[in-house]
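Below is one structure; the comments refer to it alone.
Readers should treat all values here as calculations from the given coordinates under stated rules, not as data from a laboratory. Keep in mind the model is a prediction, meaning the values are calculated, not measured. For neighbour counting, all protein chains shown are included, and Cβ atoms are generated from backbone atoms with ideal geometry for every residue, glycine included.
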Amino acid sequence: MTTSTHEQIKLILEENACAGCEGARRDFICVHIEAIAELPSRFGDFHIVAFSNNQDGKEHVAIIKGEVFGAEDVPVRLHSECLTGDVIGSLRCDCRDQLEAALKKIGSMEKGVVLYLRQEGRGIGLINKIRAYSLQDKGLDTVEANLALGFRDDERDYAVAAHMLHALQIRSVHLMTNNPNKIAQLEKHGVRVGRRLPHILPSNEHNRFYLETKAAKSGHMIDFHGKKRLPEQSDLPIVEGMSEVEG
């Protein structure tokens, strides 16, 4: 019996199985693997797996390096779609930098996964994201703008992402994130997070306030001042270019 991730997924497709649904029936969440293809890229050679689901009507993908089917401690990055950042290279956020850094890092590893999730604008959609930008132009921060539009500061839900990982039969992950909510939501849906991998990129004059708001109001683990930590707080996240004692 083959152990190749590609061949395992091809078997699922041939059997028309709804991978990941068995563990999801409690919450009525079902993801379905729809297609797999090779994806050579400037960041490395990957496979791309397309998923459908019964929750949000959106098509999400897993970008996979190496053999992850049934594996433990798989490096994983959850990336939410950002048209302005990912495609246009907006300097108002760090989304494109985060995506490229994750693909480059995982592309250099033996195995890993980037889940590209269609959750534009922290889950509020593209039009509302542009509305939020307009409010930010008038002086509101990211959280204030979302609240002014009637949303929570972050509307993203990672239940489908968790079941995508279940569909790939990944036993545990090392999650590349600065966002504790991602860890909490994955664990809530049965994904074992063995370790957090800080994922911090340099800021610029346009997104510095945005990143500071993430840290101050949304609890993201980004340290702009190099504050000293107690010995048990070993995963000191420092913005690239800053010394560990600066502040």
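Is the shape of region 53-106 best called rounded, prolate or oblate, per the rule: a/c under 1.5 gives rounded, else a/b larger than b/c gives prolate, else oblate, with a ≥ b ≥ c the square roots of the Cα gyration tensor eigenvalues? Before the final figure, lay out each step's value.
Working: a/c = 2.99, a/b = 1.34, b/c = 2.23.
Oblate is the answer for region 53-106, as a/c is 1.5 or above yet b/c matches or exceeds a/b.
From Cα pairs below 8 angstrom and at least 6 apart in sequence, can you work out the relative contact order of region 1-159, rounded to a whole percent?
17
Take each of the peptides 36-43, 89-96, average the number of other beta-carbon atoms within 10 Å over its residues, and list them starting from the highest.
Numbers: 36-43: 13.0, 89-96: 17.5.
Taking the mean over residues of other Cβ atoms within 10 Å, the ranking is 89-96, 36-43.
Could you list, in their original order, any pairs among Lys65/Lys105; Lys10/Lys111; Lys65/Lys104; Lys105/Lys188; Lys10/Lys65 whose Cα atoms are separated by more than 21 Å?
Lys105/Lys188
What length, rounded to one decimal in nm, is gained on full extension from Ala184 through to Gln55, with 0.36 nm per residue of separation minus their alpha-carbon distance? Don't skip to the answer; put the middle values down first.
Numbers: separation 129, 0.36 × 129 = 46.44 nm, distance 1.96 nm.
Here the segment from Ala184 to Gln55 would lengthen by 44.5 nm.
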